Amino acid sequence: MASDTLLVSGGRVLRPDSDVVEADVLVDREDGRIVEIGPDLATDRDADETLDASGGIVMPGLVNAHTHAAMTLLRGYADDKPLDAWLREDIWPAEAELTAEDVRAGTELGLVEMIRSGTTTFADMYFHVPEVVAAVDEAGMRARVGHGVVTVGKDEEAARADVRESLDVAREYDGAADGRIRTAVMPHSLTTVDEPLLREAVAEAHADGIPVHTHANETRDEVEPIVAERSERPLAYADDVGLLSEADFLAHGVHVDETEIDLLAEREAAVVHCPASNMKLASGIAPVQDLLDAGVTVALGTDGAASNNDLDLFDELRDAAMLGKLGADDASAVPAEAAVTMATRGGAEALSLPGGRVEVGAAADLAVVDFDAPHLAPAHDPVSHLAYAVRGSDVRHTICDGQVLMRDREILTLDEDEVVETARRRAVDLVARAE
Ligand SMILES: N[C@@H](CCSC[C@H]1O[C@@H](n2cnc3c(=O)[nH]cnc32)[C@H](O)[C@@H]1O)C(=O)O
Ligand SMILES: [Zn+2]
């Protein structure tokens with residue numbers, strides 16, 4: 001019997017096979033694992049801490065497998081443009097003004113938003129990574145973080161320094177925050193990092209067992225030049241560079257053809273589908289059901305808050321299911337269960353991080369969703385609700401690594417009011433500097 005326990009009692013538990021069963025969940029807070037799942041555990045023992053889940057669903061904490069958390073500062077700053085113009089005309093000039101303190105503030109705002117909506121785990125590509133690490137450590141979340149590298153438009157020395165920084169932070173912070181932080185080397189995309197440096201970065205990362213995360217096949221404008229220049233598909237190029245290994249994960253994968261889908265399945269690299277970002281930037285519709293059919297691990301991501309415009313993964317879940325059907329011209333494509341799996345287990349597998357399943361021995365990363373709101377009545381099928389009707393604001397408790405991050409909608413690890421206020425103030429200053 002574990003010595004330091006948390007009991008999540010009275011709820012219905014979403015099991016890995018998508019069954020929903022009435023059960024309590026007993027967690028060992030010290031080693032952050034689930035030790036028992038069963039009915040009426042509450043009557044058997046006194047836990048050190050108890051969370052009431054009655055009327056609710058206890059599910060794996062959601063995994064936001066691709067974001068740029070600090071981009072919350074640029075939420076609503078530039079809308080209604082395609083990716084390339086949006087990045088070059090608005091986002092990159094504003095990001096050039098970001099200080100380390102800004103990144104800390106924006107990241108903390110992102111973490112507050114994620115914890116509120118039941119996300120326990122995320123992947124973050126940004127810069128000033130030590131600030132991201134400190135924020136994640138404080139917030140109690142789990143993350144795979146990295147420094148995004150762009151080499152185009154930079155001289156050789158600056159380009160090399162950017163690659164070096166990505167490798168250095170990946171090495172330094174792997175295992176930080178009691179192991180809740182892992183890292184990746186993160187070349188921004190196949191078109192914004194030059195080939196020789198891309199090859200070098202990937203080889204060095206893999207030599208140290210560090211995965212690689214990049215944006216790939218997001219827009220047609222990005223795919224076409226690669227095909228024109230190299231006479232090969234972008235993922236054939238990615239494969240040649242070596243960045244489709246099992247632990248690697250790609251954001252977007254919108255414009256992938258059959259040969260690329262097969263390649264992903266064969267190499268076991270994961271795809272992070274970001275439906276809201278893809279819709280907002282009119283990037284296209286990813287062939288999610290085809291990817292799933294081929295056996296590719298598919299996760300979900302919000303992308304940054306400037307192209308979403310929030311970090312609520314329940315929105316993504318619904319968007320993924322809806323857009324998957326539209327894209328496949330088939331209402332049975334990306335059913336509720338598949339969408340929920342992508343948002344949980346798919347994310348954990350894509351990021352090679354613990355969590356994603358409520359079972360004995362698994363990491364105690366949990367979200368407890370209230371089912372008493374009017375938009376959730378009646379509840380014929382809880383899995384259907386999780387995919388199509390639940391909102392992030394229905395989340396009542398969030399637990400990561402056995403620690404309660406949010407109890408009864410109150411965040412315990414960060415001072416929410418202060419975080420929001422600081423981010424507001426810094427965002428206003430940032431935008432003033434950028435203009
Ligand atoms: N060190 C790099 C920063 C790269 S961080 C990752 C970058 O991805 C950008 N980003 C956000 N969303 C997307 C997207 O959907 N596609 C491509 N890039 C994006 C984001 O604004 C950020 O600049 C530099 O010197 O510019
Ligand atoms: Zn992105």
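Can you pull out every residue in region 393-435 that is among the charged types (D, E, K, R) and assigned to a helix (DSSP H, G or I)?
Result: ASP394, GLU416, ASP417, GLU418, GLU421, ARG424, ARG425, ARG426, ASP429, ARG433.
Kindly indicate which of VAL395, VAL428 is within 22 Å of the chain's Cα centre (by Cα) and not assigned by TED's automatic domain parsing to the domain that holds ALA306. Before the answer, list the steps.
On the way: VAL428 fails: within 22 Å of the chain's Cα centre (by Cα).
The conditions single out VAL395.
Is it fair to say LEU263 is assigned by TED's automatic domain parsing to the domain that holds VAL202 and within 13 Å of the chain's Cα centre (by Cα)?
Judged against the criteria, LEU263 is not a match.
Which residues, taken from region 292-340, are within 16 Å of ligand 2 (Cβ to nearest atom), part of a loop (DSSP other than H, G, I, E, B) and of a type in the set (Asp, Glu)?
Answer for region 292-340, where residues must be within 16 Å of ligand 2 (Cβ to nearest atom), part of a loop (DSSP other than H, G, I, E, B) and of a type in the set (Asp, Glu): ASP303, ASP310.
Within region 209-262, restricting attention to residues that are of a type in the set (Val, Ile, Thr) and under 16 Å from HIS66 (Cα atoms), which residue is nearest to ligand 2 (Cβ to nearest atom)?
Taking the candidates together, the pick is THR214.
Across region 103-132, what is the number of residues that are within 15 Å of ligand 1 (Cβ to nearest atom) and either surrounded by fewer than 24 Cβ atoms within 10 Å (Cβ to Cβ) or aromatic (Phe, Trp, Tyr) (or both)?
Number of matching residues: 6.
Could you list, in sequence order, all residues of region 246-286 that are among the polar types (S, T, N, Q) and within 16 Å of ligand 1 (Cβ to nearest atom)?
Keep residues of region 246-286 that are among the polar types (S, T, N, Q), which gives 259, 277-278, 283.
Of everything in region 246-286, those that are among the polar types (S, T, N, Q) and within 16 Å of ligand 1 (Cβ to nearest atom) turn out to be SER277, ASN278, SER283.
Any idea how many residues of region 140-162 are more than 16 Å from ligand 2 (Cβ to nearest atom) and either under 15 Å from the mean Cα position of the chain (by Cα) or surrounded by 24 or more Cβ atoms within 10 Å (Cβ to Cβ) (or both)?
3
Only one of these is within 14 Å of ligand 2 (Cβ to nearest atom) and either farther than 30 Å from VAL13 by Cα or at pLDDT 95 or above (or both): MET125, MET59. Name it.
Going through MET125, MET59 in turn, the sole match is MET125.
If you check VAL383, VAL358, which single one turns out to be surrounded by 23 or more Cβ atoms within 10 Å (Cβ to Cβ), of a type in the set (Val, Ile, Thr) and either under 21 Å from the mean Cα position of the chain (by Cα) or assigned to a loop (DSSP other than H, G, I, E, B) (or both)?
Answer to the check: VAL358.
The values are calculated or read from the model by the stated rules, or taken from the named source; none is laboratory data. None of the values given here were measured: they were computed from a predicted structure. Positions of Cβ are backbone-derived with ideal geometry, glycine not excepted, and every protein chain shown enters the neighbour counts.
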